[in-house]
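Okay, structure first, notes after.
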Amino acid sequence: FGVQLASGANAISTANLVHAELDDLAGSLPEGVEIAYSYETTPFVELSIEKVVETLIEAVILVFLVLLLFLQNLRATLIPMIAVPVVLMGTFGVLAALGYSINMLTMFAMVLAIGLLVDDAIVVVENVERIMREEKLSAREATEKSMGEITGALIGIALVLTAVFVPMAFFSGSVGVIYRQFSVTIASAMILSVLVAIILTPALCASMLRPGHDGFLARWLGWFERGFSRLTGGYAAAMGRLVVRPLRMFAVFGALLAAAYGLYTQLPGSFLPEEDQGVLITQIALPDGANAARTQAVIDMVEDYYLTHEKEAVQSTFMSLGFSFGGSGENSAMGFIRLRDFDLRTDPRLSASAVAQRASAHFRQIRDAQMFVLAPPAIQGLGQSSGFSMYLEDTGNRGRTALIAASNALADAAGRSAVVSNIRGNTRTLESQLKIDIDQEKAGAMGIDLSGIDSLINTVFSGTNVNDFVYKGEIKPVYVQADAPFRMQPEDLNRWYVRNDGGEMAPFSAFATTQWVQGSPSLARFNGTAAVSISGQAAPRASSGEAMSEVERFVAELPGGYSASWSGLSYQERLAGSQAAMLYAVSLLVVFLCLAALYESWSIPLSVILAVPVGVFGALLAAWLFGQSNDVYFKVGLLTTIGLTAKNAILIVEFAKDLMARGHGAVAAVVEAARLRLRPIVMTSLAFILGVLPLAIATGAGSAAQNAIGIGVMGGMISATILGVFFVPLLFVSIAWLNAKLRGGRHHRGQPHMDEA
């Protein structure tokens with residue numbers, strides 16, 4: 001039997017309760033009977049969450065090492081690390097208050113947040129240390145001065161990172177449910193992070209920091225400090241030359257924009273990456289009219305293959321005759337193949353995808369049946385298996401026969417495609433059906449109603465429970481059913497009698513006749529239109545988005561007016577793709593408006609927003625190089641990249657704005673701001689990059705989703721750090737100069753001039 005979750009139930013809690021209940025019943029089972037779990041989704045969920053927790057711990061350790069390398073002071077390193085548990089516990093509290101659970105999506109968001117939530121504290125600690133070192137102030141005095149300099153930047157960073165994710169929470173459908181997990185988690189962590197950086201971190205700095213570095217660490221890591229100082233000096237000198245000769249840099253910026261657009265259009269689309277969930281589904285379909293014995297012979301061959309040839313990977317099989325996702329009947333069957341635990345399948349040859357490919361190749365040799373080896377859907381409840389699902393609609397009203405022919409033509413075309421595989425569904429031809437015609441006038445004249453006729457047919461062919469009796473202390477049910485020899489042929493119906501309302505028995509042949517007709521095995525409708533359900537998968541090295549586009553092209557080529565309507569995960573994938581542009585646009589607009597309100601200027605936010613494509617280019621390039629697709633997780637990573645690229649820009653722009661307010665020229669101000677802010681930018685970016693590194697290189701349960709997030713974000717931050725620090729000053733000076741031109745102002749002290757040295 002199967003157990004299905006009630007709405008709002010927790011899968012792991014329910015599974016534990018079911019296991020406990022069955023363990024209590026196990027002792028009362030007859031000898032030789034035991035309980036086996038042939039299909040279960042919770043082990044994958046539990047193991048995936050364990051892997052994410054491991055990733056979280058690895059991220060914290062890597063962030064600690066980065067801080068120790070840059071700060072070279074154990075006290076200073078501990079201050080940002082104290083923010084980690086404080087913010088994480090606060091975030092868990094917010095999730096609990098809003099009714100969210102600890103699941104893979106919220107844990108992914110936590111891993112992303114690890115690299116983000118120490119950023120604010122790092123900025124505070126680094127600036128306090130710099131002031132203490134350069135101006136020889138005490139920790140308390142340096143903290144007071146530092147907070148006066150960077151509080152605006154901290155608020156700006158919090159606004160940007162929160163504003164990027166908040167619009168995600170308002171999207172509808174299953175995509176919106178996924179987005180909201182990330183949005184609420186990361187936005188809560190960001191708000192708490194800036195509060196900690198403004199309230200707790202300054203207090204810790206004033207009480208814990210001491211002048212000078214730890215002697216041992218300073219001596220051991222002195223080579224890094226000297227090297228970074230030379231790097232900072234070279235960077236400042238290079239920026240002084242680049243900002244006054246911007247044409248070449250703008251040409252490079254234009255090339256990056258073009259490359260980013262090209263990569264985005266070339267990146268294959270999908271909804272969610274396919275995961276090895278430790279389960280495979282085998283769908284079996286024999287020709288119409290095949291009996292149960294013939295189907296059972298194929299089932300035996302399937303079981304023999306899995307338990308003999310794939311015994312290293314397969315733990316158990318469970319086969320169901322008479323039912324499959326493609327239809328029901330004696331010629332249909334379904335198998336649930338449970339694979340061994342993940343720690344026993346570390347060899348790539350034993351992964352679910354590798355087993356599925358080998359099994360599919362082997363089953364193609366069995367000519368008596370069509371067999372498809374499928375993976376469960378990435379999200380339970382959205383579709384029956386991985387891949388795509390759709391309905392071919394008869395919008396031209398050509399009739400059921402023409403619809404079946406069109407679906408077969410579509411299946412043939414998809415079968416020859418290089419990007420579509422395992423095309424399947426209710427595409428069979430019309431089958432023979434026995435039709436029973438009831439002469440209702442004769443039946444009525446004989447005192448027989450339709451319910452009595454229906455009851456007779458049900459009793460003859462499927463049996464009816466009439467009562468129970470006690471036998472040796474046990475209750476036994478009594479079923480009435482026609483003996484097999486008397487229900488094998490249509491003529492056997494004439495042997496049966498129906499009781500009329502007078503208690504007399506009337507022969508079935510007196511009011512009914514039978515005939516063989518051709519009929520469809522199923523009569524599906526979609527959107528109120530006659531339709532046929534069709535499913536399939538993307539071929540190896542092709543994405544689901546490419547496969548769906550290919551199928552849409554085949555449908556458009558069908559004569560007679562047919563259309564494709566997507567369902568399940570495929571519908572959500574199309575919905576996610578159509579909402580992506582709006583999501584990015586709204587996020588950027590909200591970021592711009594928040595910065596405009598904070599700085600009371602349109603030019604400063606514009607210089608921040610224009611730096612975003614540099615990070616986006618890196619994310620797209622990394623995804624393309626490592627074979628990722630434009631799925632929901634990548635979109636979350638891309639939004640994270642947008643926020644972090646803007647954060648780096650704010651660190652430079654905020655200081656440049658303050659220096660200009662003190663009377664510096666635009667070029668001098670931005671070069672000095674870039675020099676001062678290079679260290680915290682590199683430090684926070686490297687902390688984030690190494691924080692998401694465990695996601696990018698994850699293996700095992702849930703690794704595909706972790707890779708989809710980690711690779712894109714990591715590539716985006718590398719690009720935003722290496723390239724962004726050169727383009728942000730250039731954009732700031734150029735926009736300030738353009739702003740002055742538009743206002744018609746003359747050059748004076750504090751205003752930019754492109755020839756300024």
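The values are calculated or read from the model by the stated rules, or taken from the named source; none is laboratory data. The structure presented is a predicted model; accordingly, all values stated were derived computationally and were not measured. Neighbour counts run over all protein chains shown; Cβ positions are idealised from the backbone, glycine included. These area figures cover heavy atoms from the full protein model, side chains too; ligands, DNA and RNA do not enter into them. Shrake-Rupley method; radii C 1.70, N 1.55, O 1.52, S 1.80 Å.
When a/c reaches 1.5 or more, the comparison of a/b and b/c decides; with that in mind, is the chain rounded, prolate or oblate per its Cα gyration tensor? Please list the in-between numbers first.
Working: a/c = 2.95, a/b = 2.25, b/c = 1.31.
Here the chain falls in the prolate category.
Looking at region 1-133 from every direction and averaging, what is the projected area of its Cα convex hull in nm²? Write down the numbers at each step before the final one.
Working: hull surface 46.2 nm².
One quarter of the hull surface, i.e. the mean projection, equals 11.5 nm².
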Handout entry: Local electrostatic count at Leu344 - Lys and Arg +1, Asp and Glu -1, tallied over other residues with Cβ under 14 Å
Key = -1
Exercise for the section: Return a single number: how many Lys pairs in the chain, at a sequence separation of 8 or more or on separate chains, have alpha-carbon atoms below 23 angstrom apart. Expected result: 7
Handout entry: Protein accessible area in the chain, 1.4 Å probe - carbon and sulfur %
Key = 58
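Only loop residues by DSSP count here, and only those with at most 13 other Cβ atoms within 10 Å; note down the trypsin sites (Lys or Arg not before Pro) in region 66-154 that meet that. Walk me through the numbers on the way to the answer.
Numbers: sites: Arg75, Arg130, Arg133, Lys136, Arg140, Lys145; in loops: Lys136.
In loop regions of region 66-154 (DSSP not H, G, I, E or B), the sparsely surrounded trypsin sites (Lys or Arg not before Pro) are Lys136.
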Problem - Between helix 724-743 and the chain: long-axis angle, C-alpha atoms, 0 to 90°, nearest 10 - result: 70
Exercise for the section: Please work out, to two decimal places, the log10 of the ratio I(q)/I(0) at q = 0.13 Å⁻¹ from a Debye calculation in which every Cα of region 253-390 carries one identical scatterer. Expected result: -0.62
Completion exercise
Between the alpha carbon centres of region 668-704 and region 144-194 the gap in Å comes to 17
Practice task
Would you compute, from DSSP H runs of 4+ residues alone, the mean residue ellipticity of the chain at 222 nm, taking -39500 (n - 2.57) per run and dividing by the full residue count, rounded to the nearest 500?
Solution key: -20000 deg cm²/dmol
Handout entry: Relative packing of 1-9, 407-415, 233-241, which averages over residues the other C-beta atoms within 10 Å, highest first
Key = 407-415, 233-241, 1-9
Fill in the blank from the handout: With bins of 5 Å, the percent of all Cα-Cα pairs of region 303-366 per bin from 0 is 4, 16, 24, 24, 18, 9, 4, 1
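Hey, could you grab the Kirkwood Rh for region 587-628? Inverse mean 1/r over distinct alpha carbon pairs, Å, one decimal.
On the way: mean 1/r = 0.0870 Å⁻¹.
So the Kirkwood estimate lands at 11.5 Å.
Per the Kirkwood formula on distinct C-alpha pairs, the Rh of region 443-518 is how many angstrom? Could the numbers behind the result be given before it?
On the way: mean 1/r = 0.0707 Å⁻¹.
That comes to 14.1 Å for region 443-518.
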Fill in the blank from the handout: Cα-based Debye curve of region 604-690 sampled at q = 0.16 Å⁻¹ gives log₁₀ I(q)/I(0) of -0.69
Exercise for the section: State the volume of the convex hull built on the alpha-carbon positions of region 387-478, expressed per residue in Å³ and rounded to an integer. Expected result: 227
Practice task
Please report the relative contact order for the chain, taking Cα pairs under 8 Å with a sequence separation of at least 6, and give it as a percent rounded to a whole number.
Solution key: 18
